[in-house]
Amino acid sequence: MALTGIQIYKLLPQTNCKECDFPTCLAFAMKLAAKQVELAKCPYVSEESAAQLAEASAPPVRPLSIKSNGYEVKAGNEIVLFRHNKKFFSPPGLFIRVYDDQSAEEIKTKVKPVADYVVDYVGMDLTMGGIAVQSRGGDFGAAVASVRETTKLPLILVGSVEELKKGLEKLADTETPLLCSANSGNWEQMADLAKEHNAPLAVESNNIDEMVDLVEKLEGKDLKDLVLSPTQRSLLGTLTANTTIRRMALKENFSALGFPIINFPGDVGDPVREVTQAMQAIGKYGSFIVLDHFDPATAYSLLVLRANIYTDPQEPIQVTPGIYEINNPGPEDPFLVTTNFSITYFSVANEVESMGLPVWLLVTDSEGMSVLTAWAAGKFDAEIIAKDAKRFNAADKVTKHRIVLPGHTAVLSGELEEELPDWEVKVGPKEAVDLPAYLKEFL
Amino acid sequence: MYIIGENIHIISPSVKKALAEKDAEFFKKSAIQQVEAGAKAIDLNLGRQKHDWAEVFPWVTKTVQEVVDVPLCIDSTNVDGIEAALKVINKARPIVNSTSAEAERLEQVPLLAKKYDAQLVALTLKKEGIPVSADERVNIALEYLIPRAMEVGIELPDLIIDPLALTVSGCQEFCPELIEAVRTIKFAGDPPPGISVGLSNVSNAVPEETRPILNRVYLAMLMGAGLEMMIADPLDEKLNEVIRFIEERDESSGLGRLYVKLHDKTEAMEEITKDDIDENDPEQMAVWKSAQVLLNKVIYADSFLEQ
Ligand code: B12
Ligand code: SF4
């Protein structure tokens, strides 16, 4: 776990000799905690303290990624068990699995819609992470090749050492797929293979002690990028395994379990139970999530759930303040004004856009707050709206100067008239759904 | 414990009334009472006094100075008002309360303190708002307050950093962080700056009957982290008793033992456990519950003592 300034201070000489160019050891410690200076700037740190500091500065969950042709799924780097304590950093990648006994045709039909899937959610493009290829007695190399003919998305390869070798032959050297999995029987050969290809390696076990033992052996072979693969398959079993692993890493600073986790909800077979398990894995520490079924409806739910969990709870998702043109507005069309909280923006923009109504949308800087929240916090008042209207040159866009306020902030209309004397200030409906009807009458 | 008596505060209706009526006796009586109860300095919080500052600040300062010899702590955001008060002080070295890291105040107020050879209270507060974490508060002291004091020539022991006590009712997550901030700021300068907090802020917006216990428990922990100065009510006998328990290490009663333990464990960066308390003693249980709430282990509710 990263140390606080005071914890670091305790490890420094505490002599305030100033050779590091800071007035006190504490000032130096605080900078070190913020990672803004190098420890080496203090010539007097004891070897023991230096070792302790180095260990503490290692991330508690090792960051790594699966890469291919410009795509990347990142994992790890988490520092809290609960999102509200800070935030979660690496959204888990969702992988759809194909098997090597499927025909090239089957594989391609399965992979294509996954690769093409992209959906817009409050201004973010949500996509699937990649494809998992698993051996089932077929031709592993051919299966990997079929996938690669269809998509460049990152891969997870699941098979024996020999099969993985055949799969890896079909890939560019620059790719680093995730290799699954090292176990007590094959770990040495797997380690060699992973090392040769510079690829992350999954470590599989249904028992934490054995998992730790394997990790330590692999670390002994100088492997660093490991992914833990608990083989429990029930909801409770996965939850227990994932939670134990992450707790040990974050609360006990136990480095042998400080790795991202891979889960296989696809193994339960039933598509509904699969989604349930995937939801649990998204909420509870899964980093790579392997599914057998791809259905845009469930994919959307999972990706939105993921987006909601993997955003900073203290920082609302925002859009950039400015003037947005919706449906090519002209000089006669009205201005609507709203805040830059993305959910607010999209509820207004989508409503107007989908009805094909041309408007200018003035998005004010309200620090990502909704209309009423911003109003209550003093971040959405007549003065601010007028200032942003001027800042973004709203008056130059139109010949007919009309501006519509959200119905919830009707009280602002008087003041806004004073602030913008050349404009006709209107009060719109309270809810965005009522905007089309209002605008049709208005236009 | 160096207590700056807080009872002359414009928020109090009786102070407001006395000021309106120019009731000199009221101010004198309050000041004497506080000093007799052990206050080492007297805070004069007169608010901004936007219109009358030129008259009000000197008048109250002179009135109080007539009857007590301790330092007066001029507490306002009105810089002109502070200066008007400083001009009439001729007894003990005054304290200016306060500057913050906000650019404008940091520019003016330290110069004023230097000019009148006053000690200076500095809040770890920036324009963008109050920082939650201990590290952020310490950083404000290190990056803004201490450098500015050194720049204008205020000796570090004359700079009193106030890392801001905030109410457990609404800002609960700030409470344990303040303890760590106090612990850390002691190392922020060489020699170390002073540290003071406005103790009763921790129980703002808390029902009257539960405020005192929260103040007492918080104080024991803050003393464990090294607090030696605070703005508080010197007439609060139960609070004074806790100070005495800790300063004299009086462990002759169960309660005294518990407060000493709370202090010692905080000092050692540990937390009290159920083993440290006698669960049959309601007073000790109240200390326990208050500590849990103040350490943000149990979510605060007005009825936390009953839960
Ligand atoms: C979530 C929330 C918060 C979150 C903020 C999240 C965020 N990013 O904004 C947090 C917890 C931070 C918060 C804080 C506060 N909140 Co709050 N909050 C809410 C809550 C529950 C939902 C807000 C929301 O997200 N709405 C969804 C969005 C999409 O709605 P919207 O922006 O209004 O947009 C809709 C319409 O206005 C309309 N619309 C939008 N733009 C336009 C433009 C035009 C032209 C038209 C016609 C229509 C239109 O379309 C949208 C969809 O219909 C509301 C309750 C409520 N029912 O609104 C309270 C509420 C807004 N909050 C309130 C308050 C008081 C506060 C605080 C001041 C509390 C405090 N004392 O600290 C703080 C202020 C924040 C601060 N920094 O100081 C009050 C405001 C009361 C009032 N009328 O003054 C509310 C109404 C709750 C209440 N009933 O008391 N809050
Ligand atoms: S060089 Fe090292 S010992 Fe000297 S002040 Fe800096 S941190 Fe402290």
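The values are calculated or read from the model by the stated rules, or taken from the named source; none is laboratory data. None of these values were measured; they are calculated from a predicted model. Counting neighbours? That spans all protein chains shown, and the Cβs are built from the backbone with ideal geometry, glycine included.
Wholly within segment A:1-120, which strands (runs of 3 or more DSSP E) include no fewer than the required count, namely at least 1 residues that are among the aromatic types (Phe, Trp, Tyr), away from ligand 1 (no atom under 16 Å from the Cβ) and more than 28 Å from B:Gly189 (Cβ to Cβ)?
By residue number, A:71-75, A:93-99.
What pairs come out if I take residues in segment A:266-295 that are without any contact (Cβ under 8 Å) to a residue 24 or more places away in the chain and pair them with residues that are of a type in the set (Val, Ile, Thr) and surrounded by fewer than 24 Cβ atoms within 10 Å (Cβ to Cβ) whose C-beta lies under 6 Å away, six or more apart or interchain?
A:Glu274/A:Val268
Based on this model, can you work out whether A:Glu175 counts as out of contact with any strand residue (DSSP E or B) (no Cβ under 8 Å at 6 or more places or on another chain), acidic (Asp, Glu) and surrounded by fewer than 22 Cβ atoms within 10 Å (Cβ to Cβ)?
Here the answer is no, as A:Glu175 does not meet what is asked.
So for segment B:169-177 (the condition being in a helix (DSSP H, G or I), in contact with a helix residue (DSSP H, G or I) (Cβ under 6 Å, 6 or more places away or on another chain), of a type outside the set (A, V, I, L, M) and under 16 Å from B:Ser290 (Cβ atoms)), does at least one residue qualify? Steps first, please.
Start the filter on segment B:169-177 by keeping residues that are in a helix (DSSP H, G or I), which leaves B:174-177.
Next, from what is left, pick out any that are in contact with a helix residue (DSSP H, G or I) (Cβ under 6 Å, 6 or more places away or on another chain): B:175, B:177.
Still in the running and of a type outside the set (A, V, I, L, M): B:175, B:177.
Those still in the list that are under 16 Å from B:Ser290 (Cβ atoms) too: B:175.
There is at least one residue in segment B:169-177 that is in a helix (DSSP H, G or I), in contact with a helix residue (DSSP H, G or I) (Cβ under 6 Å, 6 or more places away or on another chain), of a type outside the set (A, V, I, L, M) and under 16 Å from B:Ser290 (Cβ atoms).
Quick check: anything in segment B:46-68 crowded, with 21+ Cβ neighbours inside 10 Å, in contact (Cβ under 8 Å) with a residue 40 or more places away in the chain and not in a helix (DSSP H, G or I)?
Within segment B:46-68 (the criterion being crowded, with 21+ Cβ neighbours inside 10 Å, in contact (Cβ under 8 Å) with a residue 40 or more places away in the chain and not in a helix (DSSP H, G or I)), the answer is no, since none of the residues qualifies.
Examine segment A:236-247 for a residue that is outside any loop (DSSP other than H, G, I, E, B), small (Gly, Ala, Ser), surrounded by fewer than 17 Cβ atoms within 10 Å (Cβ to Cβ) and out of contact with any Asp or Glu (no Cβ under 6 Å at 6 or more places or on another chain), and state whether such a residue exists.
Yes: one or more hits.
Taking the criterion of being within 16 Å of ligand 2 (Cβ to nearest atom), among the hydrophobic types (A, V, I, L, M, F, W, C) and either within 14 Å of chain B (Cβ to nearest Cβ) or buried (at least 16 other Cβ atoms within 10 Å of the Cβ) (or both), would at least one residue in segment A:50-73 satisfy it?
Yes, segment A:50-73 contains a residue that is within 16 Å of ligand 2 (Cβ to nearest atom), among the hydrophobic types (A, V, I, L, M, F, W, C) and either within 14 Å of chain B (Cβ to nearest Cβ) or buried (at least 16 other Cβ atoms within 10 Å of the Cβ) (or both).
Sort through A:Val425, A:Val411, A:Val404 and tell me the only one that's away from chain B (no Cβ under 14 Å), away from ligand 2 (no atom under 16 Å from the Cβ) and either at positive phi or in a helix (DSSP H, G or I) (or both).
From the options A:Val425, A:Val411, A:Val404, the qualifying one is A:Val411.
Any idea which of A:Pro43, A:Pro91, A:Pro13 is at negative phi and in contact (Cβ under 8 Å) with a residue 40 or more places away in the chain?
On the way: A:Pro43 fails: in contact (Cβ under 8 Å) with a residue 40 or more places away in the chain; A:Pro13 fails: in contact (Cβ under 8 Å) with a residue 40 or more places away in the chain.
Just one listed residue meets the conditions, A:Pro91.
Among the candidates A:Glu383, A:Glu353, A:Glu367, single out the residue that is within 8 Å of ligand 1 (Cβ to nearest atom) and either at pLDDT below 95 or within 14 Å of chain B (Cβ to nearest Cβ) (or both).
After ruling out the rest, the residue left standing is A:Glu367.
With A:Phe89, A:Phe22, A:Phe28 as the choices, which residue is surrounded by 15 or more Cβ atoms within 10 Å (Cβ to Cβ) and under 26 Å from A:Glu219 (Cβ atoms)?
Step by step, each of A:Phe89, A:Phe22, A:Phe28 is checked, and only A:Phe89 is surrounded by 15 or more Cβ atoms within 10 Å (Cβ to Cβ) and under 26 Å from A:Glu219 (Cβ atoms).
Taking segment A:21-49 as the region of interest, how many residues are small (Gly, Ala, Ser) and either near ligand 2 (Cβ under 10 Å from one of its atoms) or within 12 Å of chain B (Cβ to nearest Cβ) (or both)?
Number of matching residues: 4.
Do you know which residues across segment A:281-301 are within 15 Å of the chain's Cα centre (by Cα) and crowded, with 22+ Cβ neighbours inside 10 Å?
Hits for segment A:281-301 are A:Ala281, A:Ile282, A:Tyr285, A:Gly286, A:Ser287, A:Phe288, A:Ile289.
So, in segment B:256-284, of the ones that are exposed (fewer than 15 other Cβ atoms within 10 Å of the Cβ) and part of a helix (DSSP H, G or I), which residue ends up nearest to the chain's Cα centre (by Cα)?
B:Glu267
Table: residues versus (1) β-branched (Val, Ile, Thr); (2) within 20 Å of the chain's Cα centre (by Cα); (3) within 16 Å of B:Asn45 (Cα to Cα).
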{"position": "B:Gly81", "(1), (2), (3)": "no, no, yes"}
{"position": "B:Lys91", "(1), (2), (3)": "no, no, no"}
{"position": "B:Asn97", "(1), (2), (3)": "no, yes, yes"}
{"position": "B:Ser100", "(1), (2), (3)": "no, yes, no"}
{"position": "B:Lys114", "(1), (2), (3)": "no, no, no"}
{"position": "B:Val121", "(1), (2), (3)": "yes, yes, yes"}
{"position": "B:Thr124", "(1), (2), (3)": "yes, yes, no"}
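Would you confirm, using the coordinates I've provided, whether B:Ser133 is under 24 Å from B:Val242 (Cβ atoms) and out of contact with any Cys (no Cβ under 8 Å at 6 or more places or on another chain)?
no
Can you say whether B:Leu166 is more than 14 Å from chain A (Cβ to nearest Cβ), in contact with a Phe, Trp or Tyr (Cβ under 6 Å, 6 or more places away or on another chain) and more than 21 Å from A:Tyr9 (Cβ to Cβ), as far as the supplied structure shows?
yes
Whether any residue in segment B:171-186 is in contact with an Asp or Glu (Cβ under 6 Å, 6 or more places away or on another chain), over 21 Å from B:Ala39 (Cα atoms) and either more than 13 Å from chain A (Cβ to nearest Cβ) or surrounded by fewer than 24 Cβ atoms within 10 Å (Cβ to Cβ) (or both) is what I want to check. Outline the logic, then answer.
From segment B:171-186, those in contact with an Asp or Glu (Cβ under 6 Å, 6 or more places away or on another chain) are none; that's our starting set.
Looking for residues that are in contact with an Asp or Glu (Cβ under 6 Å, 6 or more places away or on another chain), over 21 Å from B:Ala39 (Cα atoms) and either more than 13 Å from chain A (Cβ to nearest Cβ) or surrounded by fewer than 24 Cβ atoms within 10 Å (Cβ to Cβ) (or both), one finds none in segment B:171-186, hence no.
With respect to A:Ala194, is the statement that it is small (Gly, Ala, Ser), in a loop (DSSP other than H, G, I, E, B), within 28 Å of the chain's Cα centre (by Cα) and within 30 Å of A:Glu105 (Cα to Cα) true?
On the way: small (Gly, Ala, Ser): yes; in a loop (DSSP other than H, G, I, E, B): no; within 28 Å of the chain's Cα centre (by Cα): yes; within 30 Å of A:Glu105 (Cα to Cα): yes.
The answer is no for A:Ala194.
Scanning for something free of Cβ contacts under 8 Å to residues at least 40 places away in the same chain, charged (D, E, K, R) and in a loop (DSSP other than H, G, I, E, B), does segment A:315-326 turn up at least one residue?
There is no residue in segment A:315-326 that is free of Cβ contacts under 8 Å to residues at least 40 places away in the same chain, charged (D, E, K, R) and in a loop (DSSP other than H, G, I, E, B).
Name the single residue that is farthest from ligand 1 (Cβ to nearest atom) among those in segment A:391-401 being part of a helix (DSSP H, G or I) and surrounded by fewer than 17 Cβ atoms within 10 Å (Cβ to Cβ).
A:Asp396
Would you say A:Val203 is over 25 Å from the mean Cα position of the chain (by Cα) and modelled with pLDDT of 95 or more?
no
Please count how many residues of segment A:428-437 are in a helix (DSSP H, G or I) and crowded, with 19+ Cβ neighbours inside 10 Å.
Matching residues across segment A:428-437 total 2.
Using the structure shown, decide if B:Gly153 is more than 26 Å from B:Tyr300 (Cβ to Cβ), surrounded by fewer than 16 Cβ atoms within 10 Å (Cβ to Cβ) and out of contact with any strand residue (DSSP E or B) (no Cβ under 9 Å at 6 or more places or on another chain). Before the answer, list the steps.
Working: more than 26 Å from B:Tyr300 (Cβ to Cβ): yes; surrounded by fewer than 16 Cβ atoms within 10 Å (Cβ to Cβ): yes; out of contact with any strand residue (DSSP E or B) (no Cβ under 9 Å at 6 or more places or on another chain): yes.
Judged against the criteria, B:Gly153 is a match.
Given the options A:Asn340, A:Asn350, A:Asn308, A:Asn327, name the one that is away from ligand 2 (no atom under 16 Å from the Cβ), among the polar types (S, T, N, Q) and at positive phi.
Unique residue meeting the criteria: A:Asn327.
Could you please find all residues in segment A:207-235 being crowded, with 21+ Cβ neighbours inside 10 Å, in a helix (DSSP H, G or I) and touching a residue at least 40 places away in the same chain (Cβ under 8 Å)?
The answer is A:Met211, A:Val215.
Just give me the residues in segment B:96-130 being buried (at least 21 other Cβ atoms within 10 Å of the Cβ) and within 14 Å of another protein chain (Cβ to nearest Cβ), in sequence order.
B:Thr124, the sole residue that qualifies.
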